[in-house]
Amino acid sequence: MNACEYIPGLENIPAAKSSISFVDGQDGILEYRGISIQELANKSSFLECAYLLIWDQLPTQSQLEAFESEIRYHRRVKYRIRDMMKCFPETGHPMDALQTSAAALGLFYARRALDDPEYIRQAVVRLLAKIPTMVAAFHQMRRGNDPVQPHDKLDYGANFLYMLTERKPNALAAKVFDVCLTLHAEHTMNASTFSAMVTASTLTDPYAVIASAVGTLAGPLHGGANEEVLVMLEEIGSVEKVSPYIEKRVANKEKIMGFGHRVYKVKDPRATILQGLAEQLFEETGRDEYYEIALELERVVEEKFGQKGIYANVDFYSGLVYRKLGIPTDLFTPIFAIARVAGWLAHWKEQLAVNRIFRPTQVYVGSHNMPYIPIEKRV
Ligand code: CMC
């Protein structure tokens with residue numbers, strides 16, 4: 001490859017060597033540390049997957065229990081962080097609140113040597129423990145309520161749902177939510193992970209690493225798409241309006257949210273699992289009115305764009321699951337962040353072992369030797 005060749009979006013350019021996760025976009029395969037996502041979704045839990053991703057091994061029973069109980073212990077956030085969050089405008093987006101709060105953690109936990117395994121472990125535990133608490137706290141406070149304190153008897157995902165609603169979720173809701181977190185925990189070199197790694201490569205603190213990744217995830221081409229999907233289903237409103245809606249969007253050169261992927265050229269395996277989870281919830285609590293619209297939308301998009309390799313991605317069905325769980329639309333992307341913290345931390349830890357600062361180049365297309373024009377002569 002020509003050293004100066006510019007590839008928009010760095011398509012197909014490796015940015016790291018990694019053993020954390022693997023995607024085969026032609027066959028629709030996703031693995032965490034070599035284990036298929038289907039197997040993990042069926043048999044594992046989010047925190048076990050987080051451990052697997054970060055420490056490159058499935059934990060023993062006692063390792064898992066110690067990890068879970070340490071995270072449980074660190075779930076609360078300092079009152080000063082809660083006070084800071086109380087000053088956030090209630091109309092602000094929860095992703096902005098999360099990015100700010102994640103960065104604020106760095107004010108409270110002193111930076112230590114990045115080759116200290118104990119510091120790495122503490123940062124991992126604190127971030128996994130506190131990010132859900134901060135998302136739920138902002139949600140409560142923007143409605144004028146005090147944050148709901150974490151529930152010591154509830155598991156990771158169930159506790160988050162509890163902090164959002166002050167009600168314990170039933171077993172199916174807790175299980176489905178935990179699987180959603182597992183599915184979103186990691187996904188190779190996506191934009192937010194790359195952003196985390198660029199930030200990490202300067203050897204800054206882990207809270208800054210996560211804050212920059214949260215900011216990147218928020219965009220509608222990345223994690224923000226799950227929220228946009230629900231907005232789109234709402235806008236369409238009925239099954240008959242799907243085809244004209246797609247035609248209009250295509251005519252306006254607008255993307256269909258929740259479809260397409262840089263790597264997958266078939267249906268994202270996570271979308272298939274999420275669709276199954278949505279159906280499990282519908283069996284218990286009735287079908288969602290938007291599900292028929294979603295099915296028709298998927299059919300029409302596949303018919304129109306399937307030959308271009310554009311199929312449903314992870315963001316297409318996740319919103320329907322969250323909606324059925326009673327979660328407000330603007331918390332969908334923060335939930336993606338809660339899960340992806342595991343992957344970001346795994347890449348942070350992997351990179352520290354071989355770090356070199358990211359410093360790519362550019363192809364300069366500007367002028368040279370331009371005169372400096374005094375201000376009074378400028379037009
Ligand atoms: N709807 C309609 N056309 C599409 C779509 C879509 N959702 N996605 C890609 N295309 C077309 C695009 O118009 C282009 O066509 P042409 O070659 O004729 O100009 C071609 O497919 C390639 O698209 P691209 O935008 O160059 O592809 P990319 O690899 O740069 O972008 C993507 C990937 C995910 C940003 C894009 O598919 C997209 O914007 N999708 C909608 C937003 C979305 O659902 N994002 C979530 C992604 S998955 C989870 C995550 O990463 O967070």
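Among the conditions (1) assigned to a helix (DSSP H, G or I); (2) not assigned by the TED database to the domain that holds Val124, Arg359 misses just one, which is (1). Glu303 - would you say it is away from the ligand (no atom under 16 Å from the Cβ) and outside any loop (DSSP other than H, G, I, E, B)? Considered against the rule, which asks whether it is away from the ligand (no atom under 16 Å from the Cβ) and outside any loop (DSSP other than H, G, I, E, B), Glu303 comes out as no.
Just to be sure before I move on: is Gly219 within 30 Å of Ser19 (Cα to Cα), exposed (fewer than 15 other Cβ atoms within 10 Å of the Cβ) and within 16 Å of the ligand (Cβ to nearest atom) in the structure I sent?
The answer is yes for Gly219.
Beta carbons closer than 8 Å, at least 6 apart along the sequence or on distinct chains, pair a first residue in the stretch 305-316 that is at positive phi with a second that is more than 6 Å from the ligand (Cβ to nearest atom) for Gly309/Tyr264; Gly309/Lys265; Gly309/Val266.
Is there a residue in the stretch 174-183 that is under 25 Å from Ile35 (Cα atoms), under 13 Å from the mean Cα position of the chain (by Cα) and hydroxyl-bearing (Ser, Thr, Tyr)?
Pass one, the stretch 174-183, residues under 25 Å from Ile35 (Cα atoms): 174-183.
Next, only the ones that are under 13 Å from the mean Cα position of the chain (by Cα) stay: 180-183.
Checking the rest, the ones that are also hydroxyl-bearing (Ser, Thr, Tyr) come to 182.
Checking the stretch 174-183: at least one residue is under 25 Å from Ile35 (Cα atoms), under 13 Å from the mean Cα position of the chain (by Cα) and hydroxyl-bearing (Ser, Thr, Tyr).
In the stretch 254-278, the qualifying residues are those that are of a type in the set (Lys, Arg) and outside any helix (DSSP H, G or I), and the one that is farthest from the ligand (Cβ to nearest atom) is Lys267.
Taken together, the criteria place Ala15 among residues that are in contact with a helix residue (DSSP H, G or I) (Cβ under 8 Å, 6 or more places away or on another chain) and of a type in the set (Gly, Ala, Ser).
Each row is one residue, and each column tells you yes or no for (1) surrounded by 19 or more Cβ atoms within 10 Å (Cβ to Cβ); (2) within 16 Å of the ligand (Cβ to nearest atom); (3) among the charged types (D, E, K, R).
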site	(1), (2), (3)
Asn12	no, yes, no
Ser18	no, no, no
Ser21	yes, yes, no
Leu30	yes, yes, no
Ile35	no, no, no
Leu47	yes, no, no
Ala50	yes, no, no
Gln63	no, no, no
Ser69	no, no, no
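Regarding Val148, is this residue modelled with pLDDT of 95 or more and not in a loop (DSSP other than H, G, I, E, B)? It would help to see each step written out before you state the result.
Details: modelled with pLDDT of 95 or more: yes; not in a loop (DSSP other than H, G, I, E, B): no.
So Val148 does not fit the description; no.
For the stretch 52-100, what are the residues that are in contact with a Leu (Cβ under 9 Å, 6 or more places away or on another chain), more than 24 Å from Ile35 (Cβ to Cβ) and among the hydrophobic types (A, V, I, L, M, F, W, C)? Val77, Ile81, Met95, listed by residue number.
The values are calculated or read from the model by the stated rules, or taken from the named source; none is laboratory data. No experiment lies behind these values; they were computed from the predicted model shown. All Cβ positions, glycine included, derive from the backbone under ideal geometry; neighbour counts span all protein chains shown.
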